[in-house]
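Undergrad: Pasting a structure below so you can have a look.
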Amino acid sequence: MRYILQRIGQLVMVLLAVTAITFASVNVLGDPLTNILGPLASVDCTDVEAGLVEDISTRGGTSQGDCEVIALTRAEFNLDDPLPQRYVTWLGDIATGDFGTSFQNQLPVSTVIKNKLPVTLRLVGMGLFLSIMISIPWALLSAYRANRAFDNVSTVVSFGLLAVPNFAMGVILFYFFAVRWQIFPTRYDPSNAYSQIKSLVLPALTLALPLAATYQRLLRTDLITTLQEDFVHMARAKGLPSRTIMVRHALRPSMFSVLTVFGINTGALLGGTLVIEQIFSVPGMGGEIVTAIVRDDTPVVLGIVVIIVTAFVVVNLLVDLMYSILDPRVRRG
Amino acid sequence: MADDISTENTEVVLDEAELEIDDAVKKKLGVGFWIAIVWLVLVVGLAFLAPVLPIDGQNDVAAGGRLESPSMDHFFGTDAAGRDVFARTIWGARVSLSVGFIAILSGLFVGGPLGIIAGFFRGKVDAVISFIFLSLLSFPSLVLALLIVNSLDRSLKIVALVLGILAVAPIGRLARANTIVFAEREFVQASRVIGAKNGRIMVRELLPNVLIPMSALALLGMAVAIVAEGGLAFLGLSVKEGATWGKMILEGADPRTLRTGTHVSMSPIMVLFLTVLALNYAGDRVRSYFDVRETAF
């Protein structure tokens, strides 16, 4: 129990640190006032406030009205507070579920996330599903006759898959399946549920192939170890068919390290779909955060970073806890 | 008594068996590793010599037209603007490899010392540094890179340094873990006994031992950095000036260019793939070569 609390405390600290860094960098490196108001923000109001300049708004110069807008905006977004105070205010808002309003289209950030997150989650879910569906049979087949032809070819293939950058994999799949053979659409088709799923197959496969290669390597190694255990010899001596031994007896005790890595990868995936979403024009969080960063839409950037980092941290915690439940030694170490 | 002797004997036999496996691993390093190195030397050499090689400039429009298929005149064909893809791949190698190299170098220079200090002193220093590493690792790496590159500028230096920040945590963690192992060893204790100061122990005793696993990771990390540059390119935020592999692949990745001029994206993809493969393989081999504990495989 103490171990769990310790881990949670550490992860909360990480969350705070990461959001603080993001908050500071978007606010210090860019001027939020300019991002909200555009060129209007560069109006110099000191003279107006001092009453030195008369109202010249009719001639397109500095005016009382502009300065009021600026003052109002500064107040609305708390821009006059010192940075740490603004961070705390923002953190408080987040804790109560208020992610702020997008600078660009005045939509609440929570709405933006609500629109985009499901698409990305579906993509990640499909990717994970495919990676498991590919890696488990693959590992079973190569461990069954380890170091024979199939296994050796598998080793080369999985090493190769790991050396294909995800964007290159995306372009290759895109070329063959969307452009050349036209099995899948070249652009994301949101018209109905079927077309949405169909549009996500290629990006999900792009996500899944390198993962499948990783899992196959891990699972194969563990399977080979398990197959030397006594209970496997026992099963074989009972005359059970190989297929039953592999699937029913050997697979489950070999899943340990795969599960761990699976968990760690899953946490990172939410932030790892940016490029893939871009290639297949998937309207998910990746595209949204890229647009938001380029347009200096601070609240959206911060909101999405919070979601991604929280997912990463929480999934890691869950993996850790699962690990310590499965293997009591970890708790003491 | 008799039992004791027999167990001693088996231990000796086991040790010998392990040594044999070690030798086998070392022999296995051979061909593949050297092929990888040859490829890397070739790519680096071509990139280095680009200005004196008889190839087109990276923005020269070649005679012969657009989207031409590979031929003896243009090994990789020409792109949508009529530029020679082979020449641009070599020019692109200059930027992509520099980004990878500078990134991993800065990662080594920051992460290495931090990791050694954390592993050597432990306690509070370790807690703080480990926390920094953990935070860096929790950050979605591409988002961090995007944030910084977008708000600063897209010069080669900035892009490389940003990717270097991403390399700090993994390298630092490895350095820390290795330092912890070596700090307990006899030669470190001996050096302490004869009165060596902390700084000297870290630089003279620990650094050389930590450097080998770090260099293996550096090869892998360079591949990661080169790939990350490509990722940035696809998000429109890679190095602004000149060709890079990522930008070239992006330029050839729209459906129309893919249909009529597949070579425009596939040629740099092939070169990128082989380079990443070579770096991964070499890194993997260097690691298992020096890792005395790893006996299987």
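Coordinate-derived values only; no laboratory data. Remember, predicted model here, so these are calculated numbers, not experimental data. We place every Cβ from the backbone using ideal geometry, glycine too, and count neighbours over all the protein chains shown.
Undergrad: Alpha carbon centre of the stretch B:209-234 versus the stretch B:147-171: separation in Å?
TA: 13
Undergrad: Then there's this: So how do B:88-100, A:179-191 stack up, highest first, on mean other-Cβ count within 10 Å? Numbers along the way, then the final one.
TA: Details: B:88-100: 25.2, A:179-191: 13.6.
Those peptides, ordered most packed to least, come out B:88-100, A:179-191.
Undergrad: With θ set to phi - 60°, apply the Karplus curve 6.51 cos²θ - 1.76 cosθ + 1.60 along the stretch A:250-255 and write out the HN-Hα couplings as whole Hz, x wherever there is a Gly or Pro.
TA: 7, 5, 4, x, 9, 7
Undergrad: On to the next question. Roughly how many Å is it from the Cα centre of the stretch B:253-286 to that of the stretch A:142-219, as a whole number?
TA: 16
Undergrad: Okay, moving on. Arrange B:W34, B:W245, B:W39 by Cβ neighbour counts within 10 Å, fewest through most, would you?
TA: Numbers: B:W34 12, B:W245 29, B:W39 18.
The fewest-first ordering by Cβ neighbours comes to B:W34, B:W39, B:W245.
Undergrad: Next question. Distance cut-off 30 Å, Cα to Cα: go down the list B:K124/B:K197; A:K116/B:K247; A:K114/A:K198; A:K198/B:K247 and report the pairs above it. Intermediate values should be presented prior to the final figure.
TA: Values: B:K124/B:K197 20 Å; A:K116/B:K247 27 Å; A:K114/A:K198 22 Å; A:K198/B:K247 28 Å.
Over 30 Å Cα-Cα: none of the listed pairs.
Undergrad: Order of B:223-234, B:147-158 by packing, highest average Cβ count within 10 Å first? Before the final figure, lay out the partial values.
TA: Values: B:223-234: 26.0, B:147-158: 16.3.
Highest-to-lowest ranking by the protection proxy: B:223-234, B:147-158.
Undergrad: Now for a separate question. Could you work out the mean count of beta carbons from other protein chains within 10 Å of each residue's beta carbon in A:287-295? Can you show the working numbers first?
TA: Working: counts 1, 0, 6, 8, 0, 1, 8, 5, 1.
Across the residues of A:287-295, the mean count of other-chain Cβ atoms within 10 Å is 3.
Undergrad: Take every Cα-Cα distance within the stretch A:109-332, group them into 10 Å bins from 0 onward, and report for each bin the whole-number percent of pairs it holds.
TA: Result, from short to long distances: 8, 27, 30, 22, 10, 3, 0 percent.
Undergrad: Report, by chain and number, residues whose modeled amide H sits under 5 Å from the one on B:L152, excluding near sequence neighbours (fewer than 5 apart, same chain).
TA: Correct list: empty.
Undergrad: Also, quick follow-up: Evaluated at 25 °C with a viscosity of 0.890 mPa s, what Stokes-Einstein diffusion coefficient in µm²/s does the stretch B:118-259 have when Rh comes from the Kirkwood expression over alpha-carbon pairs?
TA: Values: Rh = 17.5 Å.
For the chosen part, D equals 140 µm²/s.
Undergrad: From the gyration tensor of the Cα coordinates in the protein assembly as shown, what semi-axes in whole Å does the equivalent ellipsoid have, largest first, with each one equal to sqrt(5λ)?
TA: Values: eigenvalues 405, 219, 155 Å².
After diagonalising the Cα gyration tensor, the semi-axes are 45, 33, 28 Å.
Undergrad: Using a 10 Å cut-off around each Cβ of peptide B:141-151, what is the average number of partner chain Cβ atoms that fall inside? Intermediate values should be presented prior to the final figure.
TA: On the way: counts 3, 8, 13, 6, 0, 7, 10, 2, 1, 9, 7.
Whole-number average of other-chain Cβ neighbours for B:141-151 is 6.
Undergrad: Give me, ordered by chain and number, the residues 5 or more places off A:T101 or on other chains with an amide H under 5 Å from its own placed amide H.
TA: It is A:V109, by chain and number.
Undergrad: Reported to two decimal places, what Rg/Rh ratio describes chain B when computed on Cα atoms with Rh from the Kirkwood expression? Mind showing how you got there, number by number?
TA: Details: Rg = 23.9 Å, Rh = 21.8 Å.
Result: Rg/Rh = 1.10.
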